[in-house]
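Here the structure is laid out as structure tokens; the discussion comes afterwards.
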Amino acid sequence: MKSRFAHKIVHLALAIPLCAYALCAASPAAAEASTVEPSDQGNAAEARALKVAEMKLAALAKEAQAESAPAVAAPQKVPKLQKGAVKKRPAQLRKKRLSKARSAALARGENIGKGQKIVGRRLTEAEVRGILSTTRDFSGSDLSGMNLVGVDLSGVKLNRANLQMANLERADLAESDLELADLSGANLRGASLNQARLRGTRLEGTRMDGALWIDKTICKKGSVGSCIE
């Protein structure tokens, strides 16, 4: 396209001096042939021819510049979010999916991931089984009223746990950490507390008939709130 316009411009540029030369050569003969025409008609014709040629050159140059300019792409419309719609971040979506998967696994009684803790609500039996098979860490957990008869809780972390009214009859709590735990009204009949840590543990109304105390003493019948030797 550029070569075609360049070719036209070259032809016009060559035509301008040729046209001027022809007009100049013809003007003396025309002056001699006629005495009626004024002497400056040749100059006027030459000026008009030059002006027309310049206008054509300018038009061709403008056209070539317009065609060689890069096309401007139309701005693309950005789709708007519907009213009330909130764009969620990938991290939030992953967290939501993990939370759903963990809840489903716990509902099926499966193990929960290492280090995961549940606070702010009472644990379910399935969640208790999951923690016992992994971290065995119930510190600060709510186990109130839980049926844990004969369950192996040896070495388990139960510090600051809520075990009010829990049924721990014949449960193995040997070497468990029960510091600051609340065992008010719990059933510890026949349970083993051998070498368990009981500093600050609440035992108001706790029944301990036949329980094995921290020093291997067997609590006598009627032991409530404390071990009667």
Segment 132-214: relative contact order in percent, alpha carbon pairs under 8 Å with at least 6 residues between: 24
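Ranked from highest to lowest mean number of other Cβ atoms within 10 Å per residue, what is the order of the peptides 143-155, 173-185?
On the way: 143-155: 17.4, 173-185: 22.0.
My ranking of the peptides, most packed first, is 173-185, 143-155.
May I ask you to derive the FRET efficiency for Gln195 and Val149 from their Cβ-Cβ distance with R0 = 30 Å, giving the value to the nearest 0.05? Intermediate values should be presented prior to the final figure.
On the way: r = 22 Å, r/R0 = 0.72.
The formula returns an efficiency of 0.90 here.
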Rough spin-label spacing in nm, given labels placed 7 Å along Cα→Cβ, for Thr134 and Ile228: 4.4
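If you keep only loop residues by DSSP, which trypsin sites (Lys or Arg not before Pro) in segment 153-229 have at most 15 other Cβ atoms within 10 Å of their Cβ? Don't jump to the answer; show the numbers that get you there.
On the way: sites: Lys157, Arg160, Arg170, Arg189, Arg197, Arg199, Arg202, Arg207, Lys216, Lys220, Lys221; in loops: Arg160, Arg170, Arg189, Arg199, Lys216, Lys220, Lys221.
Filter output for segment 153-229: Arg199, Lys216, Lys220, Lys221.
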Fraction in percent of alpha-carbon pairs per bin - 5 Å, segment 140-180: 8, 26, 30, 33, 4
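Values in this text are rule-based calculations from the coordinates and carry no lab data. What you are looking at is a predicted structure, and each value in this text was computed from that prediction instead of being measured. Ideal geometry is used to build each Cβ from the backbone, glycine not excepted, and the neighbour counts take in all protein chains shown.
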